[in-house]
Amino acid sequence: MTASCQPPASHFIDGRYVEDTAGDPIAVISPVTGAEIARLHAATPALIDQALEAATRAQTDWAARSGKERGRVLRRAAEIMRARNRDLSVLETQDTGKPLQETLVADAASGADALEHFGSIAAGLTGEHIPLGGDFAFTVREPLGVCVGIGAWNYPIQIASWKAAPALACGNAMVFKPSEMTPLSALKLAEILIEAGAPAGLFNVVQGMGPVGAALSTDARVAKVSLTGSVPTGRRVYTAAAEGLKHVTMELGGKSPLIVFDDADIENAISGAILGNFYSSGQICSNGTRVFVQKGIKEKFLARLTERLQGVVMGDPLDEAVNFGPLISTAQMEKVLSYIEIGKTEGARLITGGHRADLNGCFVEPTVFADVTDQMTIAREEIFGPVMAVLDFEAEEEVIARANDTQFGLAAGVFTADLSRAHRVIGQLKAGTTWINTYNLTPVEMPFGGVKASGFGRENGWAAIEHYSQLKSVYVALGATEAPY
Ligand code: NDP
């Protein structure tokens, strides 16, 4: 698990690896062993400039190509990514600590899906014809220009691909800054795109902390910033982008409700609650961390959930039998443990877990609190770790109001056998991404994103195309042009 993952250099700019050791050092630490698995350097202003220059140049060339040609490159990249899925998954597991069992199916695999999906759409990016009774107009869907992507540490290659695929399909170029905690796999995406035939400079990766992200999001050459991160960072990046009147997509945090009615298939509902709280050790923005369970089935739900959690296998995430990994860092582990202490102090009933696991690494036991009330800190703040808060409810109207009583609006889910009720409830939940009788499935065909403080703009689906392109209207006069004088 301590194998070196050192890439040839820190950055990938203009089609090749580039290093500048004058940049601040970034130590990439294994969350399992605490060992340094790679050492990179943050991009210096000169390298940021180089990346933006390369992107600007490549974008002109790329946008002039047909959608069909752009699509072919993206689909080829998807194939290469799938062929290398195991290597990419091992790298992602070493960098993030997520179990290989998960990364094999959810990370590069989803990235490849996005490249294939948008690669298939690229040739069909047309405008519309608007008849005007003789004269007519038409629209052309044009790229925005150079886009900046900034990623979080929970799904590094997936986030990079979800941003790059629609951006490139539309004819944009991208400069991507991964989280400084998980900088490795985006470099592999850059390599793959070149191999698939993308021009040098089309997709560049620069490393660094917040200041590198800030330099990118304020640069005049940049037309759009797409961030996946926390609400406070979102506020900062949005403010900076607004100053330059740039387009933005903000995929931010959440504290999503997952509502289980008493007629639900309880095994399915528990599966949903497990996926929505403990997959990736709880480090998923759309997690349904407020699990509202109708009173009549609460104790049965808790008992069976506790039983099912006996199936958790912690350990070396590279071991495919392991299904529960560590948190990304010591700091994140301490943050999560402090929320667990707050839960105990504020009077929530600890059902299971509640401690650091007895293992080397940043492992926290899957933790379930019951009798959580709406005002408790663990029901209000995003923890981003394996901590489930179970709240009771009695009536439909009551649970809808309580579910919506949050600053966030990323996701929501409902489990019930009554489909009319499912639709009625989902229709009233203020969230951007919702599920009926399942949780946290995010196929690339489906738009993904939030409302309220969870952000705006959408990734995936057709919707992402709208966020990486703009329409040019062309009025065509067939007759004389009349003027008053
Ligand atoms: P952060 O908000 O801390 O960081 C996100 C990215 O922004 C990082 O690459 C970070 O760099 C960078 N950054 C920090 N400051 C600035 C700045 N001023 N200007 C530009 N970029 C900046 O989030 P985390 O990495 O801690 O990720 C966890 C958060 O992400 C959670 O809140 C989670 O809910 C959210 N998230 C949302 C998702 C969604 O789709 N809605 C999906 C996944 C996560 P660095 O960290 O290297 O300093």
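The values are calculated or read from the model by the stated rules, or taken from the named source; none is laboratory data. From a predicted model like this one, the values you see are computed outputs, not experimental measurements. So basically every Cβ, Gly included, is an ideal-geometry build from the backbone, and we count neighbours across all protein chains shown. Heavy atoms of the whole protein, side chains included, go into the accessibility calculation; ligands, DNA and RNA do not. Shrake-Rupley method; radii C 1.70, N 1.55, O 1.52, S 1.80 Å.
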Inset, instruction - State the percentage of accessible surface on region 43-145 attributable to carbon and sulfur atoms; use a 1.4 Å probe and exclude ligands, DNA and RNA. - result: 53
Legend entry - Solvent-accessible ranking of 177, 295, largest area first, probe 1.4 Å: 295, 177
Inset, instruction - Let me know the whole percent of all Cα-Cα pairs from region 394-485 that are separated by more than 21 Å. - result: 49
Legend entry - Solvent exposure ordering (accessible area, 1.4 Å, most first) of 319, 392: 319, 392
Legend entry - Neighbourhood net charge (11 Å Cβ-Cβ; Lys/Arg +1, Asp/Glu -1) for residue 313: -3
Legend entry - Peptides 232-242, 199-209, 33-43 ordered by average Cβ neighbours within 10 Å, highest first: 199-209, 33-43, 232-242
Inset, instruction - Report the normalised scattering of region 79-140 as log10 I(q)/I(0) at q = 0.18, 0.25, 0.28, 0.29 Å⁻¹, calculated by the Debye formula with identical scatterers on the alpha carbons. - result: -0.68, -0.94, -1.05, -1.09
Inset, instruction - Arrange the peptides 470-483, 376-389 so that the one whose residues have, on average, the most other Cβ atoms within 10 Å appears first. - result: 376-389, 470-483
Inset, instruction - Would you please report the Å³ per residue occupied by the convex hull of the alpha carbon atoms in region 332-485? - result: 236
Legend entry - Cleavage-rule hits, chymotrypsin sites (Phe, Trp or Tyr not before Pro), region 296-383, DSSP coil, Cβ neighbours within 10 Å at most 15: none
Inset, instruction - Before anything else, pin down the relative contact order of region 88-205: Cα pairs under 8 Å, at least 6 apart, normalised by residue count, whole percent. - result: 26
Legend entry - Å² per residue, accessible surface of the chain at 1.4 Å: 38
Legend entry - Two-decimal ratio, region 113-181, of alpha-carbon radius of gyration to 2.2 N^0.38 Å: 1.49
Inset, instruction - Grab the eigenvalues of the alpha-carbon gyration tensor for the chain, scale each by 5, take roots, and send me the semi-axes largest first in whole angstrom. - result: 39, 29, 19
Legend entry - Rg/Rg_globular for region 155-301, with Rg_globular taken as 2.2 N^0.38 Å and Rg from C-alpha atoms: 1.32
Legend entry - Euclidean distance between Cα centres, region 110-187 to region 235-273, Å: 21
Legend entry - Evaluated over region 224-370, the Cα radius of gyration and Dmax, each in Å: 17.8, 54
Legend entry - Filtered GluC sites (Glu not before Pro), region 51-154: DSSP coil and at most 14 other beta carbons within 10 Å: 128
Legend entry - 10 Å-binned pair-distance histogram of region 193-252 (Cα, whole percent): 22, 47, 25, 6
Legend entry - Charge sum, other residues only, whose C-beta stays under 13 Å from residue 234's C-beta, Lys/Arg counted +1 and Asp/Glu -1: +1
